[in-house]
Ligand SMILES: O=C(O)CCC(=O)C(=O)O
Ligand SMILES: [Fe+2]
């Protein structure tokens, strides 16, 4: 039984207090909710054991959150962790989860990254249109393994009757690799192998370290997606590598870099560019470089895409502000439901 002098939540969060991480909890509420709520705990409770705090906070949340919402979150979380853990433990190729550079990359790419100079990168790239850099990157064997892994994921998901998250709002086929145990490997790929190159070719984003990514596979073919409309990516820098198989069409078209305000403006002649995919070859471009993919007219095309992102100081400040507002709103809601006047 929990013994505390006051079980009332604080009126304002204790900003000095660093809440515990609750990511491992398999409870019906988001771990973030527990971390946010911990800052509102009465001072005497902060030194209690983690289990005691969990029990106390869970009691509060159970009282205040509607049943339907809890069931929805709970179902989603348990299905998602089930997906992650079960698949991660028995993928087709466990070796894809650990980046082995000599097995993954072609020697020319590795040499350029090891040298790490502008000249070494310039030696391996072609620039089909200004701001789009193409280079040979992946070993054929790695491409084949990754394709087989994706096919295995799809069969597995189908057999288990799971609904998986599709890569983005435009591609209906493919899979988010981060959800299937490949996130750490892709993180390493971004950190060690892409970041130095991005620094050389996109000096304007040099100050922003690429620090997170969304890694996925897109699939095109007769009974899959055929083409991809004109868009910008939700990324600072995008890596797009063709894995195979055999196909005609699927060229990328580019139409200049734009900020949010001018994303729908016209294109100038010198901004028009094209790139034809070749298995194993990558393109690196700004996420804001407007582009699309023409129809894959026959065969099957699979590409590995990494939307690499970074948080600038202002984004970080706004993110914290949003979190702060969300916490404040949750707290107001809790207090109101407890019949405490908040005015
Ligand atoms: O199909 C492609 O190669 C382009 C994919 C793409 O632009 C995207 O997923 O953002
Ligand atoms: Fe894109």
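Every number in this text was worked out from the coordinates using simple rules, so none of it is lab data. This structure is a prediction, so every number in the text was calculated from the model and none was measured. Ideal geometry is used to build each Cβ from the backbone, glycine not excepted, and the neighbour counts take in all protein chains shown.
How much length would be gained if the chain were fully extended between residue 152 and residue 86, taking 0.36 nm per residue of separation minus their Cα-Cα distance, in nm to one decimal?
22.4 nm
Report Rg(Cα)/(2.2 N^0.38 Å) for the stretch 95-310, keeping two decimals.
0.98
Using a basic spin-label model with each label point 7 Å from the Cα along Cα→Cβ, how many nm lie between residue 93 and residue 253?
So the label points at residue 93 and residue 253 sit 3.4 nm apart.
Only counting other Cβ atoms within 10 Å, I'd like 199, 172, 161 sorted with the fewest neighbours first.
Taking fewest neighbouring Cβ atoms as first place, the list is 161, 172, 199.
Based on C-alpha coordinates, I'd like the Rg and Dmax of the stretch 109-162, in Å.
That works out to 17.4, 50 Å for Rg and Dmax.
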